[in-house]
Structure formats: structure tokens, C-alpha cells
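I have placed the structure first, in the form of C-alpha cells, so that the comments after it can refer back to it.
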Amino acid sequence: MIAFSPTRLQQIIDTKTKPVGALGELERIALQIGTIQQSYTPSIHKPYIVVFAADHGIALSGLVNPYPQAVTAQMVQNFTNGGAAINVFTELNQIDLLVVDAGVNADLSTLQKNPLFIDAKQGLGTNNYLDTIAMSVQQVETCIEMGKDIVAKIYATGSNTIGFGEMGIGNTSSAALILSAITGISITEATGRGTGVTDLQLAVKIKTLEQVHATHNLASYSNNPIGLLSCIGGFEIAMITGAYLAAAEKNMVIVVDGFIATAALLVAYQIHNSILRNCIFAHTSGEKGHTKMLQYLKAEPLLNLGMRLGEGTGAALAIPLIRGAIAFLNHMASFEEAAVSTI
């Protein structure tokens with residue numbers, strides 16, 4: 001068998017009936033996916049979006065979010081009833097959807113028989129990290145293993161492409177703290193409005209997160225991803241971290257969503273920096289800190305629509321573009337095949 005060569009794949013892309021580079025980012029994506037799969041005819045098969053939901057103890061303080069914590073459980077119900085944006089986009093684009101209760105502060109046992117729902121609850125939300133650590137190291141490790149297990153089961157169905165969404169009132173605060181701790185940028189630079197925060201509320205949010213950063217000495221966790229998640233993580237962020245690691249281990253194409261999903265990727269990247277090889281970045285979120293994350297990871301997102309909804313919606317919208325990249329590579333004629341002259 002002749003060994004796969006990225007150079008040869010680039011030549012195939014360049015000799016399609018178009019000027020070199022004329023399909024822009026689609027050419028880069030085709031090369032990346034072919035390289036991931038070590039194939040000149042790569043495929044996207046049974047793509048999934050998995051939405052992980054959990055609550056954060058700090059949300060009960062009212063200092064970092066205007067919406068009540070009960071919205072997390074209400075939105076999980078909405079996901080499983082098919083009424084959310086992620087339901088619309090996954091159905092439109094023929095993407096399978098699963099919703100995981102990683103630690104919602106509500107009894108969701110009535111959803112056990114819903115085919116979209118996975119019960120992986122690790123508690124009724126995390127502790128308030130204003131007062132103590134969010135969760136124990138053991139809980140972090142359990143969440144990571146749960147995330148890995150969920151992805152392993154999806155992979156076993158024949159899926160080779162996956163993206164992760166999230167839901168959790170207060171989770172933009174955890175994401176901002178992760179960004180600041182890992183990259184060293186200030187809390188002010190890392191913190192955005194989240195879900196509908198006013199100027200006054202934003203000022204309170206920043207002051208609160210600066211207090212958390214100092215209390216836990218988060219700068220000391222820049223190379224301690226498990227400890228960082230223990231201090232200020234959410235159950236859903238820890239599970240997504242494990243999910244990323246498993247998806248990379250299975251050599252899946254990973255479609256990275258927005259601010260919170262990328263925060264989990266930052267943590268996974270601290271554990272295994274080779275993970276970026278498998279990552280396609282769906283979009284630039286409207287959330288302030290997301291651009292900083294993308295810059296740190298040297299990522300080139302496909303879309304910039306000003307979205308900041310989460311749920312995996314950016315990933316769901318990017319998957320058709322990824323399919324387009326594969327389609328041109330597999331089905332577009334070369335100059336030789338089409339008998340088209342080259343200059």
C-alpha cells in the first residue's frame with residue numbers, strides 16, 4: 001500500500017477545475033480532513049452534536065447572570081421536545097443530536113425514556129466557587145471519563161464527525177476564568193456579557209470573577225487542567241473536555257463551537273496538545289473572550305455571524321460547509337478529466 005501523502009492530496013486539490021485556491025477555506029478544510037483520515041477520498045459520516053447541560057453554584061448568587069438557574073432545566077426540556085435552535089439546525093442539516101444531563105439542578109427523571117436524553121448527572125450543580133472549589137478532583141476525573149464514554153458509544157455507531165454544545169446558566173463565567181488562567185489575559189479582557197448582561201451587571205460580573213481569580217490563585221493553575229476544573233469548572237465543561245479527548249483518540253473530525261465549548265477545548269489542549277490536528281473551528285462567537293481563545297489556539301474559524309447562543313449551534317451550521325469541502329474533493333473533475341486547458 002502506498003503511504004498517504006498530504007502533498008499529493010494538495011496536488012489533487014490544486015488540479016481541480018478551478019484556479020488554485022479559488023475555493024478558499026474549503027480547500028484548507030478538505031486538506032485537513034483528508035489528512036486526519038489519511039485518505040484522498042475522505043468522508044463525513046453520521047455527524048453528531050452532543051449538548052452537555054449542568055448548573056453552576058455561582059449562578060445562585062445572582063452576581064454573574066441575569067437569568068435564573070431554573071432556565072438550564074427548562075432549556076433541557078426544550079431540547080428534548082425539539083423546540084430549540086439546535087434542534088432546528090440539526091434537523092435541517094441531517095445531524096444527530098443528543099442531550100446530556102451532566103449536573104442540572106433539577107429532577108429530570110421524566111426524560112429518561114426520551115431518545116435524545118442521556119442521564120450522566122454528577123450532582124445538582126457545582127459548588128459556588130466564590131466560597132469553595134466547584135467540585136472535587138475525583139468529580140472532575142469522573143466527568144472526563146463520562147464524556148469519553150459517551151463519545152466512544154457514538155463512535156461505535158459509525159460516526160466519524162462530532163461537535164459539542166452546552167447549556168448552563170453561569171457557564172460563561174467559568175469559561176472566562178479558564179481563559180484567563182490558561183492564557184494569562186486579564187479578567188476584564190476575558191469576560192463578556194454572557195446572556196443579556198447590562199453594563200452595570202457586567203461590571204459586577206468582572207469584579208466578582210476577579211475576586212474568584214484571586215481567591216483560588218488561578219494563575220498557578222495555568223498548567224494544571226484538572227486542578228483548574230476542580231476550582232472553577234462546571235460538570236458540563238469537564239465532560240466536554242473528556243469528550244474532546246476521546247474524539248481525538250478515535251481520530252474523529254471535531255467541530256468546535258463557541259465560547260464555552262472552546263474553553264473546554266483549552267483544557268483538553270493542556271492535556272493533549274495534539275488534539276488541534278482534529279479540530280475544525282466552526283465560528284467566531286459574539287462573546288468577547290472567544291476571539292482571544294481563537295488567537296491563542298491560532299485557529300481559523302469558518303463563520304463569523306455574531307452568534308453567542310451556545311448549544312452547538314455554530315457547529316451545526318458549519319457542518320454543511322465541511323460537507324461541501326469533502327464533496328468538491330470527491331466529485332469535482334480535474335483539468336485532465338474534464339479536458340479543460342490550463343495556463
> Once phi is turned into θ = phi - 60°, what whole-Hz ³J(HN,Hα) does the Karplus curve with 6.51, -1.76 and 1.60 give for every residue of the stretch 172-188, x standing for Gly and Pro?
Replying inline: 5, 5, 4, 4, 5, 5, 4, 4, 5, 5, 7, 9, x, 6, 6, 4, 4
> Expressed in nm to one decimal, what extension gain is obtained for the pair E25 and F328 from 0.36 nm per residue of sequence separation less their Cα-Cα distance?
Replying inline: 107.9 nm
>> If amide hydrogens are placed 1.01 Å from N in the peptide plane, which non-local residues have theirs closer than 5 Å to the one on R193?
In response: K288
> Along the positive direction of the dipole of the stretch 113-238 (beta-carbon charges: Lys, Arg +1; Asp, Glu -1; about the Cα centre), which of H213, F117, G163 reaches farthest?
Replying inline: F117
> What's the extension gain from L321 to T215 if we count 0.36 nm per residue and subtract their Cα-Cα distance?
Replying inline: 33.8 nm
> Relative contact order, percent, of the chain when contacts are C-alpha pairs under 8 Å separated by at least 6 residues?
Replying inline: 24
>> Explain nothing, just compute: Karplus ³J(HN,Hα) = 6.51 cos²θ - 1.76 cosθ + 1.60, θ = phi - 60°, for every residue of the stretch 92-106 in order, whole Hz, x for Gly and Pro.
In response: 4, 9, 6, 10, 6, 10, 10, 10, 10, 7, 8, x, 7, 7, 6
>> Please list, ordered by chain and number, the residues whose modelled amide H lies under 5 Å from the amide H of I118; skip anything fewer than 5 residues away on the same chain.
In response: V99, V100, D101
>> Set the bar at 32 Å for Cα to Cα. Now go through K205/K250; K46/K205; K16/K46; K148/K288; K16/K292 and name every pair that lies beyond it.
In response: K205/K250; K46/K205; K16/K292
>> Order 313-325, 292-304, 10-22 from most to least packed using the mean count of other Cβ atoms within 10 Å.
In response: 313-325, 292-304, 10-22
> What residues qualify as long-range amide H neighbours of T126, i.e. H under 5 Å apart, gap of 5 or more or another chain, H built at 1.01 Å from N?
Replying inline: D55, H56, G57, F235
> Sorted from largest down, what three extents in whole angstroms do the Cα atoms of the chain have along their principal axes?
Replying inline: 70, 44, 37
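Every read-out reported here was derived from the displayed coordinates using simple, explicitly stated rules and does not represent laboratory data. Note that the structure is predicted; figures quoted are calculated from it, not measured. Positions of Cβ are generated from backbone atoms using ideal geometry, with glycine treated the same way; all protein chains shown enter the neighbour counts.
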